[in-house]
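Structure first, then comments.
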Amino acid sequence: FDDDPGGLRLRHDRSGLLSSANSGPDSNSGHFSIVVNPAPHLDGSYTIFGEVVSGFDTMWAINKLTKPGTDRVTGSAIVTEAGCLDNC
């Protein structure tokens, strides 16, 4: 499917943004992330589709599962409940 042009125009300029990227043409896979620091290198490539509005303590706890200075995860986090605020 096509990338969301509106989401691609947004800027990764603060903590708590929900962002996604696909793995390339015909890959049928991708990933999402919660931005914990400004990440301008993602602008125009990753689509912003939401924002954390509560539970920042949980966001920071999940972030601590990553080994400092790497992308290596040292634990796991499981989403047990999620919701939508408007227009679901």
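The values are calculated or read from the model by the stated rules, or taken from the named source; none is laboratory data. Small disclaimer: the values here were computed from a predicted structure and weren't measured. Neighbour counts are summed over all protein chains in view; Cβ atoms, including those assigned to glycine, are modelled from backbone coordinates with ideal geometry. The area values use the complete protein model at the heavy-atom level, side chains included, leaving out ligands, DNA and RNA. Shrake-Rupley method; radii C 1.70, N 1.55, O 1.52, S 1.80 Å.
A 1.4 Å probe run over the protein chains yields, for the range 30-83, 78 Å² of accessible area per residue, whole-number rounding.
How big is the Kirkwood radius of the chain, worked out from every pair of different alpha carbons and given in Å to one decimal?
Values: mean 1/r = 0.0694 Å⁻¹.
Answer for the chain: a Kirkwood hydrodynamic radius of 14.4 Å.
Site pair residue 84 and residue 64 shows an inter-label distance of 3.3 nm when each label is modelled 7 Å from Cα along Cα→Cβ.
Under 10 Å, Cα contacts only: if you run a Gaussian network model on the chain, which one of 44, 69, 30 comes out with the highest mean-square fluctuation? Sorting by GNM fluctuation, first place goes to 69.
Taking 26, 13, 43 in turn, the Gaussian network model of the chain (Cα-Cα springs below 10 Å) assigns the largest fluctuation to 26. What distance in nm separates the simple spin-label points at residue 56 and residue 74, each placed 7 Å from Cα in the Cβ direction? Using points 7 Å along Cα→Cβ, the separation is 2.4 nm. Residues considered: 52, 36, 73. Largest GNM mean-square fluctuation over the chain, using C-alpha springs under 10 Å, is found at 73.
Can you give the charge dipole size of the chain about its Cα centre, rounded to the nearest 20 debye, using +1 on the beta carbon of Lys and Arg and -1 on the beta carbon of Asp and Glu?
440 debye
Based on C-alpha pairs under 8 angstrom that are at least 6 apart in sequence, the chain has a relative contact order of 28 percent. Surface composition of the chain: carbon plus sulfur atoms contribute 52% of the solvent-accessible area (1.4 Å probe, protein chains only, all chains present). Quick check on the chain: helices-only [θ] at 222 nm, where DSSP H runs of length 4 and up contribute -39,500 (n - 2.57) each and the sum goes over total residues. Nearest 500, please. My calculation for the chain gives -3500 deg cm²/dmol from helical runs alone.
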